[in-house]
Amino acid sequence: MAKEGAERAEETEQMIEKEGGKEAAEGGAAGSLRAGDAKEMRAVVLSAFGGLNKLRVSKKAMPEPQEGELKIRVKACGLNFIDLMVRQGNIDNPPKTPLVPGFECSGIVEALGDSVKGFEIGDRVMAFVNYNAWAEVVCTPVEFVYKIPDDMSFSEAAAFPMNFVTAYMMLFEVANLREGMSVLVHSAGGGVGQAVAQLCSTIPNVTVFGTASSFKHEAIKNSVTHLFDRNADYVQEVKRISTDGVDIVLDCLCGENTGKGLSLLKPLGTYILYGSSNMVTGETKSFFSFAKSWWQVEKVNPIKLYEENKVIAGFSLLNLLFKQNRGGLIKGVMDKLLNLYNKKKIKPVVDSLWALEEVKEAMQRIHDRGNIGKLILDVEKAPTPLVS
């Protein structure tokens, strides 16, 4: 496997060198034009906040690494529900448009900024990026970059960081998952849901309750202990099986599910909000839907939490990385996760691969909750021809 990984890296280096030599050999006006083109790249650009029509693939200037950064030739990028919220401007303090979305990618190191240590040109890597991931080339600080195991594909690597770090930190850093505990996870068929299920299986006797759309049940039924339709009365179903409720609730929905989750907690149980997908009800941001969802959030009374011995928490990986400067903490978690991967105890679930030009269709699939596992933008994939 190690030999195979080294050969893949060497092949990519040779390809880059071959293209560079070809341009230099042609010279003249045509050669000059190609040299200019080499400084540009394809990227998905969000021109303004709104619907899918605000996304397009455009040419942008090639970034170059600053001090402490790596330049990565991107092979694959991860799509997450947070990307839909970014597209709508449905996040706190959204950046100015136009912008290139995306927060994680995988690829090959193409250049090193000053003072970068521990990496070499040609290394296969995965990385967190503070926007700009959906492009042919990205630059990101070395603290957000991790080497890919030899037997992990680029698409799996692009599906790994966000989902597994989020799942691991909620379960073990926030909720202190231990043997014999029980967990309720919503959207059990999604990327984080599947990561949660796999990580729970590494601890003895953990019971996992999951909710998901009914058409996903056959595909994911073996990954959780008890599976419920997302539109059913899961509170009563859980209590029928476990009268005391559960130890941990992982909620990416928000809205009315917040109160339901708190009602299911055992004493000393932990409820964690890590998303609010119920806020995204249409292609564009709806202030009516947004207000309605927030209105359904049960007002949390601290005295009631004290009396019932319950814990309520929130988790945002992107804020932890890019606003609260906890890159060192994340590095330690990634080391543990890669160790679990190498022991074949966890493995990213990839739903499907999409070309950059198919980003609108990919986003719609996430919006419709049609995916099982992670959707990936494959930078080298050609768009699928339309069938007449």
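The values are calculated or read from the model by the stated rules, or taken from the named source; none is laboratory data. Keep in mind that this is a model prediction, so the values were computed, not measured. Backbone-built Cβ (ideal geometry, glycine too); neighbour counts: all protein chains shown. Side chains included, ligands, DNA and RNA excluded: accessible areas come from the protein's heavy atoms. Shrake-Rupley method; radii C 1.70, N 1.55, O 1.52, S 1.80 Å.
Working from label points 7 Å from Cα in the Cα-to-Cβ sense, the Thr384 to Ala232 distance is 3.0 nm.
Take the Cα of Glu67, step 7 Å toward its Cβ, do the same at Asn309, and the gap between the two points is 5.4 nm.
Per residue, the range 162-322 exposes an accessible area of 45 Å² to a 1.4 Å probe, with every protein chain left in place. Using the Cβ-Cβ distance between Ala219 and Ile241 with R0 set to 22 Å, the FRET efficiency works out to roughly 0.50.
Taking label positions 7 Å along the Cα-Cβ direction at both Asn53 and Asn130, the computed distance is 3.4 nm, reported to one decimal.
The residues of the range 344-388 expose, per residue, 53 Å² of accessible area to a 1.4 Å probe. Using the structure shown, select from Lys347/Lys374; Lys260/Lys299; Lys117/Lys347; Lys39/Lys71; Lys60/Lys374 the pairs with a Cα to Cα distance greater than 20 angstrom. Pairs exceeding the cut-off: Lys117/Lys347; Lys60/Lys374. In a fully extended conformation the segment linking Asn205 and Leu340 would gain 46.8 nm over its present Cα-Cα distance, using 0.36 nm per residue.
Taking 0.36 nm per residue of sequence separation and removing the Cα-Cα distance, the Asp151/Asn319 pair yields an extension gain of 57.4 nm. Given a 1.4 angstrom probe, I'd like the percentage of the accessible area of the range 162-322 that is carbon and sulfur, rounded to a whole number. So the carbon and sulfur contribution to the accessible surface is 51 percent.
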